[in-house]
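Novice: Just passing along the structure, written as structure tokens.
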Amino acid sequence: MNDHDERVVGGLRVRIDRTLCVGFGDCVTAAPDAFALDARDVAVFVTPDAVTRAQLLRACASCPVDALTAWNENGEQVVP
């Protein structure tokens, strides 16, 4: 698996930096349909299309180590 996984969801470009993720799971708590922890306790996408844009942004913002980054439709970074 790559060090980064990226998806475009609801106009947001969301990236998981697998090298930064330490498995706190706050993103999973905030949006369990969008994120899960894999066997190495690193965040992975599940079905991010299943959550609202607001939930996705909250989940990304909840990461205490900034392993989740989101950009809006204009390419502006909105989280963190």
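The values are calculated or read from the model by the stated rules, or taken from the named source; none is laboratory data. In this text the structure is predicted, and so the values were computed from the model without any measurement. Note: ideal-geometry Cβ built from the backbone for every residue, glycine included; neighbour counts use all protein chains shown. When the accessible area is computed, the model is the full protein with side chains, heavy atoms only, and any ligands, DNA or RNA have been set aside. Shrake-Rupley method; radii C 1.70, N 1.55, O 1.52, S 1.80 Å.
Novice: Enter the per residue convex hull volume of the chain, computed from alpha-carbon coordinates, in Å³ rounded to the nearest integer.
Specialist: For the chain, the hull spanned by Cα atoms encloses 76 Å³ per residue.
Novice: I'd like the distance between the alpha-carbon centres of segment 13-27 and segment 59-80, rounded to an integer number of Å.
Specialist: 10 Å
Novice: Residue by residue through segment 58-68, what is 3J(HN,Hα) from phi via Karplus (6.51 cos²θ - 1.76 cosθ + 1.60, θ = phi - 60°)? Round to whole Hz and write x for glycine and proline.
Specialist: 4, 4, 5, 5, 6, 5, x, 10, 6, 7, 10
Novice: What ranking, highest mean first, results for peptides 8-19, 56-67 when packing means the other Cβ atoms within 10 Å averaged over each residue? Don't jump to the answer; show the numbers that get you there.
Specialist: Details: 8-19: 16.2, 56-67: 19.2.
Put in order of decreasing packing, that is 56-67, 8-19.
Novice: Follow-up question, since we're still on this one. Quantify, in whole percent, the carbon and sulfur part of the accessible surface of the chain (1.4 Å probe; protein heavy atoms only).
Specialist: 48 percent
Novice: Moving on. Can you tell me how much longer the chain between ASP41 and ARG15 gets when fully stretched, taken as 0.36 nm per residue apart minus their C-alpha distance, in nm with one decimal?
Specialist: Value of the extension gain: 7.7 nm.
Novice: Take every Cα pair under 8 Å in segment 21-80 that's 6+ residues apart, average their separations, divide by the length, and report that relative contact order as a whole percent.
Specialist: Computed value for segment 21-80: 30 percent relative contact order.
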